[in-house]
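Quick notes on the structure that follows.
The values are calculated or read from the model by the stated rules, or taken from the named source; none is laboratory data. These figures come from a predicted structure and were not determined experimentally. Backbone-built Cβ (ideal geometry, glycine too); neighbour counts: all protein chains shown.
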Amino acid sequence: MARLAIAPVRDLMKDSGAKLVAKDAVLKLVDYLEEQCETLTRKAVGFAKHAGRKKVMMSDISLAIKS
């Protein structure tokens, strides 16, 4: 089950030019975004631990995105 809200994702898709969006398309994108979020968070946690911190900071997320 999706943890991200579906309506905002659909709105983002529409704002990006999609006039009509099928529910299964939104759900597929939500699944992808959740996977990416989990992957980046795991990397960021690793950077935070390497720095001796428990708190994930913006710099950790930035590094995770770049890596």
- Message: List the residue pairs whose Cβ atoms are under 9 Å apart, where the first residue sits in segment 34-51 and is among the hydroxyl-bearing types (Ser, Thr, Tyr), the second is in a helix (DSSP H, G or I), and the two are 6 or more positions apart or on different chains.
- Response: Thr39/Ala64; Thr41/Ile61; Thr41/Ala64
- Item | segment 3-31 residues that are among the aliphatic types (A, V, I, L, M), paired with ones that are at pLDDT below 95 and assigned to a loop (DSSP other than H, G, I, E, B) (beta carbon under 8 Å, 6 or more apart) | Leu27/Ala2; Val30/Ala2; Val30/Leu4
- Item | Among (1) assigned to a loop (DSSP other than H, G, I, E, B); (2) within 18 Å of Arg3 (Cβ to Cβ), the one test that Thr41 misses | (1)
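Which residues, taken from segment 11-31, are assigned to a helix (DSSP H, G or I) and surrounded by 11 or more Cβ atoms within 10 Å (Cβ to Cβ)?
Answer for segment 11-31, where residues must be assigned to a helix (DSSP H, G or I) and surrounded by 11 or more Cβ atoms within 10 Å (Cβ to Cβ): Asp11, Leu12, Met13, Lys14, Ala25, Val26, Leu27, Lys28, Leu29, Val30, Asp31.
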- Message: Return the residues of segment 32-51 that are charged (D, E, K, R) and either surrounded by fewer than 12 Cβ atoms within 10 Å (Cβ to Cβ) or at pLDDT below 95 (or both); say none if nothing qualifies.
- Response: Glu35, Glu38, Arg42
- So Lys54, is it assigned to a helix (DSSP H, G or I), loosely packed, with under 12 Cβ neighbours inside 10 Å and of a type outside the set (Val, Ile, Thr): no
